[in-house]
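Below: the structure, in structure tokens.
We did not get these values from a lab; they are worked out from the coordinates using the rules stated. Since this is a predicted model, take the numbers as computed values, not measurements. Note: ideal-geometry Cβ built from the backbone for every residue, glycine included; neighbour counts use all protein chains shown.
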Amino acid sequence: MATITPLPPHQSHLGTFPRLLFALNAICAWIGLAIGTTSSALALYDYPHTDPNLFGFNTSPIGRLIDTYSYFTIWSNLVVAIVMTILVFAPNRGRIFKVLHLDALMMITVTGILYWMLLAATSTSIGIDRIGNLFDHTITPFITIVIWLIVGPRNWIRWWTVLAALILPIVWAGYTLVRGTILNTWPYPFLNVAKYGMPAVLTTIGAIAVFGLLIGFIYYGIDLLLSRKARASQRAADATDAAAAAHFDTV
């Protein structure tokens, strides 16, 4: 009878079950993005806006879409959608992809935490946008973290990966500040320079960056522990197989 050799821990994400989970993860992220894009393009929302310096006052479809895709939430969900889709179809990637994978994990975690800490209480989502909001801020962050804990990929995170994963959020922050300074419009209340001033907003962005860095290193530590546990289990399984083979050889 042929035996099925399990994949080594660093390649465990190549199996069928992990790739099915990655597909589920990607589908959830794409659903949230599709709803948000449709809602913005067709103006299916009617929020009771009170601050003209925040997104939501754009009257043109293109302007609304640019606003939508200027949210950190959308950037994080888009990175998750792309990364998880690639993991389904072409999971063997290089260093840059490993950084992007950690970007997806870090950014979607920050999205979920900051939403429930700072924004959920004042959320005014209605209609179909409420469903998109649920996917963007709750479902996708939750399953992204859970799936990573279950199937990895393992042993992909290094200290330099954590630092490199800050580049994309920094790019978003720079884009937000430049665009906001020119147009005087901001994606989130705590980034409203017109209300709080640039020094206070820069301090907030710096604090969020440190928070993201902390999350990255927490994931690094968890990955080390899970990778070591997986390697120990693999060694135990190999030793059991070797002992069984030696026993049959002597019979």
Highest mean first, what order results for 81-91, 206-216 on Cβ atoms within 10 Å? 81-91, 206-216
Residue order, fewest to most beta carbons within 10 Å, for Lys98, Lys195: Lys195, Lys98
What residues qualify as long-range amide H neighbours of Leu54, i.e. H under 5 Å apart, gap of 5 or more or another chain, H built at 1.01 Å from N? Trp186
Computed FRET value (nearest 0.05) for Leu20 with Arg130, which takes r as the C-beta separation and R₀ as 30 Å: 0.60
Going by average Cβ neighbours within 10 Å, how do the peptides 50-56, 183-189 rank, with the highest at the top? 183-189, 50-56
So if I restrict to the alpha-carbon atoms in the range 9-239, what is the Rg, and what is Dmax, the biggest pairwise distance, in Å? 18.8, 67
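Counting other Cβ atoms within 10 Å, keep those with at most 16, restrict to DSSP loop, and tell me which trypsin sites (Lys or Arg not before Pro) in the range 106-179 are left. Could you put the intermediate results ahead of the total?
Working: sites: Arg130, Arg154, Arg158, Arg179; in loops: Arg154, Arg158.
Listed in order of number, the matching sites are Arg158.
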Added length on full extension, which subtracts the Cα-Cα distance from 0.36 nm per residue, Ile167 to Tyr196: 7.9 nm
